[in-house]
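For reference, the structure discussed in these notes is given below.
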Amino acid sequence: MIPARSSSAPAIGLFGGTFDPVHFGHLRLATELSEAFRLERTIFLPAGLPYHRGRTAHASSEERLTMLKLATARDARFDVDDRELKREGRTFTYDTLAEIRAERGPDATLVFLVGSDAFAHIDTWHRWTELFDLAHFAVAIRGDDAQWATKGPGAFPREAWPRITLNLREMLSAPAGKVMTFAMTPLAISSTTLRALAGEGSSIRYLTPEPVVEYIRSRQLYTAKDAPRDALPGAAG
């Protein structure tokens, strides 16, 4: 049984992703996560080599990390954690959550952000049933999510159904173990679009923070001559 949460224990959000590059859609989603779940801090976790994804990053680990730090530097609610970039071999969410739980202690409330499309397949993740012992799951629902519109919670693995709650107080009273959905503001911005625009020499201003725009421009990231960095031998991930 998951113990009750101490009233003094912080609530921490965890937001994993490739962030290749980070953009305003990511930052808005992190903001909405922080507000919806009353989080003390939201930590961005740039991915190393996610075992369930079949592609590599286009920018190097160091470049993706730098862009995240530039994008979040002026918001005291946000931190960046590079542990997955330092980890050798494949990256498993279980390992990351287990490490953070050990560091934060048993009373800290951890809220892991995941999209509804990814959560629908969480039963394919490494040690997935044990993930709920480590964190809550905040499932972001996009306005155009047709599957959610037709199936609702039925879109998720059946084993997760008993963990779904609509009561935020119930969720925050424990350090882990619950699943709660929230509606995210749909922003038609994607890392794929930013890479394409940068690659053709078009402006990416107002799609990502200005320091990130300047960093991408100065390093000529995502140009046609720019090969996927983390696919190269010896690259960190």
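Are any of the residues in region 150-161 at positive phi and at pLDDT 95 or above? Don't jump to the end; show me each part of the working.
Initially, region 150-161 is screened for residues at positive phi, giving 152.
Pick out the ones that are also at pLDDT 95 or above and you get none.
Within region 150-161, not a single residue is at positive phi and at pLDDT 95 or above.
Yes/no matrix, rows are residues, columns are (1) part of a strand (DSSP E or B); (2) under 20 Å from residue 46 (Cβ atoms); (3) free of Cβ contacts under 8 Å to residues at least 40 places away in the same chain:
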| residue | (1), (2), (3) |
| --- | --- |
| 100 | no, yes, no |
| 107 | no, no, no |
| 118 | no, yes, yes |
| 129 | no, no, yes |
| 138 | yes, yes, no |
| 153 | no, no, yes |
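For region 186-224, name all the residues that are in a helix (DSSP H, G or I) and free of Cβ contacts under 8 Å to residues at least 40 places away in the same chain.
Answer for region 186-224, where residues must be in a helix (DSSP H, G or I) and free of Cβ contacts under 8 Å to residues at least 40 places away in the same chain: 192, 193, 196, 197, 198, 199, 210, 213, 214, 217, 218.
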Lone unmet requirement of (1) within 17 Å of residue 175 (Cα to Cα); (2) among the hydroxyl-bearing types (Ser, Thr, Tyr); (3) surrounded by fewer than 18 Cβ atoms within 10 Å (Cβ to Cβ) for residue 96
(3)
State which residue is modelled with the lowest pLDDT when the search covers only region 72-89 and only residues that are assigned to a loop (DSSP other than H, G, I, E, B), among the basic types (Lys, Arg) and surrounded by 14 or more Cβ atoms within 10 Å (Cβ to Cβ).
87
Applying the selection to region 45-71, what residues are modelled with pLDDT of 80 or more, of a type in the set (Gly, Ala, Ser) and under 21 Å from residue 124 (Cα atoms)?
47, 48
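The values are calculated or read from the model by the stated rules, or taken from the named source; none is laboratory data. Model, not experiment: these values are computed from the prediction. Every residue, glycine as well, gets a Cβ built from its backbone with ideal geometry; the counts of neighbours run over all protein chains shown.
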